[in-house]
Each structure stands twice: as structure tokens, then as C-alpha cells.
1. Dividing the alpha-carbon Rg of the chain by 2.2 N^0.38 Å yields what?
2. Report in % the part of the accessible area of region 1-100 that belongs to carbon and sulfur, leaving out ligands and nucleic acids; probe 1.4 Å.
3. Given a Förster distance of 25 Å, report the FRET efficiency between residue 22 and residue 92 from their Cβ-Cβ distance, rounded to the nearest 0.05.
4. Once the whole set of protein chains is in place, how much accessible area is left on residue 45, using a 1.4 Å probe, in Å² to the nearest 10?
5. Per residue of region 11-27, in order, report the coupling 6.51 cos²θ - 1.76 cosθ + 1.60 (Karplus, θ = phi - 60°) as ³J(HN,Hα) in whole Hz, putting x for Gly and Pro.
6. Amide H to amide H under 5 Å from residue 76: which residues, 5+ apart in sequence or cross-chain, H placed 1.01 Å off N in plane?
7. Multiply the residue separation of residue 64 and residue 78 by 0.36 nm, subtract the distance between their alpha-carbon atoms, and state the gained length in nm to one decimal.
8. Taking R0 as 30 Å, what FRET efficiency do you get between residue 53 and residue 6 from their Cβ-Cβ distance, rounded to the nearest 0.05?
Amino acid sequence: MNTQLKKGVLEMCILYQLKDRELYGYQIMKTIKDQFSDVYDGSIYAILRRLNAEGYTETYIKDSPSGPARKYYRITSAGIDYLNRMITEWQRMVGGVRRLGIPF
């Protein structure tokens, strides 16, 4: 898959994971890698850093009962807006592909 397309899809998937709950980095990485096994851990963390820098997520540190404190991510209102725009664009793209006769 084209790198830029994959990056956009991964951004959407990461934000979607955060829309209803706060997660720490490893949880996000594991969930994404379960579906996209060819994605490197570092790529996921790079996307998380970029989403945070752009204001679509925010982080906080929380103590863990089973080890060191963890960095948690939560989606911001700007992130929700961005996610909704991405989902709309994705639905348009998928619709166009289907209308061209390419099966899913």
C-alpha cells in the first residue's frame, strides 16, 4: 500500500481508537499492529507524536499498578473534528472505488 495512504488510514484508525476511551501508547500500538502487522512500532509512535503536536490528541502520565507510570493519550475536540472529516473523506473514497466496480 502507498505509504502516504497508509499513514492517513493509520491516523484515522488511531484517532478512532481514542474517540471513546483514553489509551496508553502500547495499547494503541498493539491494537493497530493486530490489524496491520506490517506496520513498524516506530511508525505508530511517530503518528502519535504528530497527532499530539497538531493538537488532535493530548497526553498525561498515570501511575500503573504493575510497573512504571504510563503516558496516556486522549482525543481533543479538534481531534474529533479531524476524525469526522477523515471518516467522511474515507466514505467518499470507498464509495467511489465501489462505484468503479472494485469489490471489497
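1. Details: Rg = 15.1 Å, N = 104, 2.2 N^0.38 = 12.8 Å.
In units of the globular-protein estimate, the chain measures up at 1.17.
2. Numbers: 3230 of 6420 Å².
Looking at region 1-100 in its full context, I get 50 percent from C and S.
3. Details: r = 30 Å, r/R0 = 1.19.
Efficiency, from the Cβ-Cβ distance: 0.25.
4. 70 Å²
5. 4, 4, 5, 5, 4, 5, 5, 8, 5, 10, 7, 8, 9, 8, x, 5, 4
6. When sequence neighbours closer than 5 places are left aside, the close amide H contacts are 57, 58.
7. Details: separation 14, 0.36 × 14 = 5.04 nm, distance 2.81 nm.
Difference between extended and current length: 2.2 nm.
8. Values: r = 20 Å, r/R0 = 0.66.
About 0.90, to the nearest 0.05.
The values are calculated or read from the model by the stated rules, or taken from the named source; none is laboratory data. Given the structure is predicted, the values throughout are model-derived calculations rather than measurements. Counting neighbours? That spans all protein chains shown, and the Cβs are built from the backbone with ideal geometry, glycine included. These accessible areas exclude ligands, DNA and RNA; they are computed on the full protein's heavy atoms, side chains included. Shrake-Rupley method; radii C 1.70, N 1.55, O 1.52, S 1.80 Å.
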